[in-house]
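In what follows, a single structure is set out as structure tokens and then discussed.
The values are calculated or read from the model by the stated rules, or taken from the named source; none is laboratory data. Quick caveat, the model's predicted, so the values are computed rather than measured. Because the Cβ atoms are built from the backbone with ideal geometry, glycine has one as well, and the counts that use them run over all protein chains shown.
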């Protein structure tokens, strides 16, 4: 991966692999801690990526788990990069959990996004993004600067679409999104037309697929989510992550059984959605007929 790899994601990757190696060695956290003369909570905090792991401590863990020397060097390299990797774009006033999401978004190899309410942020035009922020800003009486920071952050986030190696982005939106007003007719028409143009835009490197779940089709009861998959770094894997957002914050799911359910759900959404060509035709027609 290039330098956009984030500290938070690399630490998460290292922590998950240390837990896997301990379990592979047949040791509980308490047993590993006892052999190293550590507290059980130290092993737990490392594996939950609540604290980093020092080089000397990592060496002891790798020796205890009898990790092959070559693979041990890969993990040491990952640990070094975890301590110095950039934190990525964070705007003042943004919650810490959203900052962590931005880190994951920048390092993901693939993102599957389902949104039944609005166009996903990575595909929003500036006019649409401004209009979408107005209601939130007015409801909570936020200062004007807050909205501007959110718009700037949206621009920065969208740079992931031009990165190398390319992101694979698959988006399913509900047909109702095409009719839900954010801004005036011109804003809505520009947004819908952009959805049909962005997959082939000259400055976009990402592979982008946009599909629409039709109103008259089979529906799944599922709130919006992002399912992220990651390439290996230094031969160290990272499990899929699912990101869920709510009014006052957001949270991750990392458990393999839970993330698998979201994978299956998204695949089911793809089966029920129109194909990319049909979706583009419907989006264009709605832009002409509903928002001209």
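For region 266-291, the set of residues classified as under 19 Å from residue 227 (Cβ atoms), out of contact with any strand residue (DSSP E or B) (no Cβ under 9 Å at 6 or more places or on another chain) and touching a residue at least 40 places away in the same chain (Cβ under 8 Å) consists of 268 only. Total residues in region 42-56 satisfying the condition of being under 24 Å from the mean Cα position of the chain (by Cα) and part of a loop (DSSP other than H, G, I, E, B): the figure is 5.
In this structure, does residue 145 turn out to be in contact (Cβ under 8 Å) with a residue 40 or more places away in the chain, over 16 Å from residue 122 (Cβ atoms), assigned by TED's automatic domain parsing to the domain that holds residue 126 and out of contact with any strand residue (DSSP E or B) (no Cβ under 6 Å at 6 or more places or on another chain)?
Numbers: in contact (Cβ under 8 Å) with a residue 40 or more places away in the chain: no; over 16 Å from residue 122 (Cβ atoms): yes; assigned by TED's automatic domain parsing to the domain that holds residue 126: yes; out of contact with any strand residue (DSSP E or B) (no Cβ under 6 Å at 6 or more places or on another chain): yes.
Here the answer is no, as residue 145 does not meet what is asked.
Taking the conditions (1) surrounded by fewer than 19 Cβ atoms within 10 Å (Cβ to Cβ); (2) modelled with pLDDT under 95 in turn, residue 184 satisfies each one other than (2). Filtered by the rule that a residue be in a helix (DSSP H, G or I) and more than 17 Å from the chain's Cα centre (by Cα), region 151-178 gives 151, 152, 175, 176, 177, 178.
Yes/no matrix, rows are residues, columns are (1) within 14 Å of residue 174 (Cβ to Cβ); (2) assigned by TED's automatic domain parsing to the domain that holds residue 17; (3) not in a strand (DSSP E or B):
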| site | (1), (2), (3) |
| --- | --- |
| 193 | no, no, yes |
| 202 | no, no, yes |
| 205 | no, no, yes |
| 211 | yes, no, no |
| 221 | yes, no, yes |
| 244 | no, no, no |
| 262 | no, no, yes |
| 271 | no, no, yes |
| 285 | no, no, yes |
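Is it true that residue 227 is touching a strand residue (DSSP E or B) at 6+ places or on another chain (Cβ under 8 Å) and in contact (Cβ under 8 Å) with a residue 40 or more places away in the chain? Yes.
For region 157-181, give me each residue that is more than 18 Å from residue 220 (Cβ to Cβ), touching a strand residue (DSSP E or B) at 6+ places or on another chain (Cβ under 6 Å) and either outside the structural domain of residue 264 (by TED's automatic domain parsing) or buried (at least 19 other Cβ atoms within 10 Å of the Cβ) (or both). The one that is more than 18 Å from residue 220 (Cβ to Cβ), touching a strand residue (DSSP E or B) at 6+ places or on another chain (Cβ under 6 Å) and either outside the structural domain of residue 264 (by TED's automatic domain parsing) or buried (at least 19 other Cβ atoms within 10 Å of the Cβ) (or both): 169. For residue 74, state whether it is touching a strand residue (DSSP E or B) at 6+ places or on another chain (Cβ under 7 Å), assigned to a helix (DSSP H, G or I) and either at pLDDT 80 or above or exposed (fewer than 14 other Cβ atoms within 10 Å of the Cβ) (or both). In short, yes. Residues that are buried (at least 17 other Cβ atoms within 10 Å of the Cβ) and within 30 Å of residue 72 (Cβ to Cβ) are absent from region 199-218.
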